[in-house]
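Just below is one structure, and these are the notes that go with it.
The values are calculated or read from the model by the stated rules, or taken from the named source; none is laboratory data. Here the structure is a predicted model, which is why all the values come from computation and not from measurement. In this analysis, Cβ positions are derived from the backbone assuming ideal geometry, glycine residues included, and neighbour counts consider all displayed protein chains. The protein model used for the area step is the full one, side chains on, heavy atoms only, and it has no ligands, DNA or RNA in it. Shrake-Rupley method; radii C 1.70, N 1.55, O 1.52, S 1.80 Å.
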Amino acid sequence: MKFSLIAAAAFALTAEAHCIFQEVSVNDQKQGSLVGLRAPNDNMPVYDVTSQDIICQKQGTTSDKVISVNPGDNLGAFFGHIIGGAQIPNDPDNPIAKSHKGPVTAWLAKVDNAATASKTGLKWFKIWEDTFDTSSKQWGVDHMIANQGWVKFELPQCIAPGDYLMRVEILALHSAKMANGAQFYMSCAQLKVGGSGTFEPTSTVSFPGAYQKNDQSIVVNIYGLTGQPDNGGKPYNAPGNVPVIQC
C-alpha cells in the first residue's frame, strides 16, 4: 500500500505537467506574483472552448491592482508550473512540460475599469502571436521555455489610452489529435494604457465564441511522418483565424 501511494503521488506530479500565467513585467520590471492579474488557483487547463473559463481561466485569484503601461512598452507574461514556478527542485516540467508544443497569443479588450469589469461580454482583438516557425521547427511554447517561462512582446504603438484586460494564452497541442484534447492555459492582466494612441478595432471576437470545437487548429495532429512535433513541416495558424492588428 505504501508503495502504491508513493507511485500514485509520483504519477500525479508527472501527469500535471501544466502551467499558470502568474506575473507581468513592464520593460523588464517585474510587477510581482499575481499583481494585476486574474489567475486560476491551480494549473489545470481549459478543454471546453464554449465554457466561460476560456476567457480568463477558472475563477481564482483576482488582484485589486491595475498595471500602468504605455504604447511601445515591452510587456512580459510569466508562466510557471505552479504559483512560484517550480513544483520540486530541478522541476523538469517548469515552466511547462517540453512535450506541450503549441502557439502563444496575446489579446486586449477595452473595459471601463480593469479592476472591476466583468470578463464576459467583451470584444477582444489580437495584439501578438508566436505560433510555429517552419524553418526552425520551433513552437511558441519552445520559445517560452527557452526564456525561462517568460513571453515578451511590444504593446502596439497605436493602442488608445484607457483600461484593458490583456489575455495571454498558451495552447498545448500534444494531445490535440482527438476532440477535447487541446489544452488552453491563460490568465488576464488588468492594464491602464497611457499615451495618445487612437486605434479603434474594426474587427473583434468574443470569448467564448472565437474558437470552435472542430477548428482545424484545435483538433490537429502536430506529429509528422517521423513522429516529431513538426506539424509535418506545414505552417500553423492559431485558432479562430484572427489576424494580429496592424497599426
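Only residues that are touching an Asp or Glu at 6+ places or on another chain (Cβ under 7 Å) and of a type in the set (A, V, I, L, M, F, W, C) were counted in region 67-102, giving 1. For region 53-88, the set of residues classified as over 18 Å from E169 (Cβ atoms), in contact with a Cys (Cβ under 9 Å, 6 or more places away or on another chain) and outside any strand (DSSP E or B) consists of P71 only. From the list Q148, Q190, which residue is under 16 Å from N70 (Cβ atoms), out of contact with any Cys (no Cβ under 9 Å at 6 or more places or on another chain), among the polar types (S, T, N, Q) and at pLDDT 95 or above? Exactly one of Q148, Q190 is under 16 Å from N70 (Cβ atoms), out of contact with any Cys (no Cβ under 9 Å at 6 or more places or on another chain), among the polar types (S, T, N, Q) and at pLDDT 95 or above, namely Q190. Within region 202-219, the set of residues being more than 16 Å from the chain's Cα centre (by Cα), surrounded by 14 or more Cβ atoms within 10 Å (Cβ to Cβ) and farther than 23 Å from Q157 by Cα comprises Q212, D215, V219. When each of V141, V151 is tested for being assigned to a strand (DSSP E or B), open to solvent by less than 20 Å² (accessible area, probe 1.4 Å) and hydrophobic (A, V, I, L, M, F, W, C), the lone residue that passes is V151. Restricted to region 225-247, and to residues there that are closer than 30 Å to S118 by Cα and touching a Lys or Arg at 6+ places or on another chain (Cβ under 9 Å), the residue that is surrounded by the fewest Cβ atoms within 10 Å (Cβ to Cβ) is P243. Looking only at region 38-51, residues that are open to solvent by 60 Å² or more (accessible area, probe 1.4 Å) and closer than 18 Å to A106 by Cα come to 0 in all. Within region 89-118, can you find the residues that are assigned to a loop (DSSP other than H, G, I, E, B), within 22 Å of A238 (Cα to Cα) and not charged (D, E, K, R)? Within region 89-118, P95, I96, A97, S99, H100, G102, P103 meet the criteria. Every condition in (1) crowded, with 16+ Cβ neighbours inside 10 Å; (2) within 22 Å of S51 (Cβ to Cβ); (3) at pLDDT 95 or above is met by I222 except one, and the failing one is (2). Filtering F199, F184 for residues that are under 26 Å from L37 (Cβ atoms), buried (at least 16 other Cβ atoms within 10 Å of the Cβ), touching a Leu at 6+ places or on another chain (Cβ under 8 Å) and among the hydrophobic types (A, V, I, L, M, F, W, C) leaves a single hit, F184. Could you please let me know if N221 is within 30 Å of N74 (Cβ to Cβ), touching a residue at least 12 places away in the same chain (Cβ under 8 Å) and of a type outside the set (A, V, I, L, M, F, W, C)? No, not satisfied.
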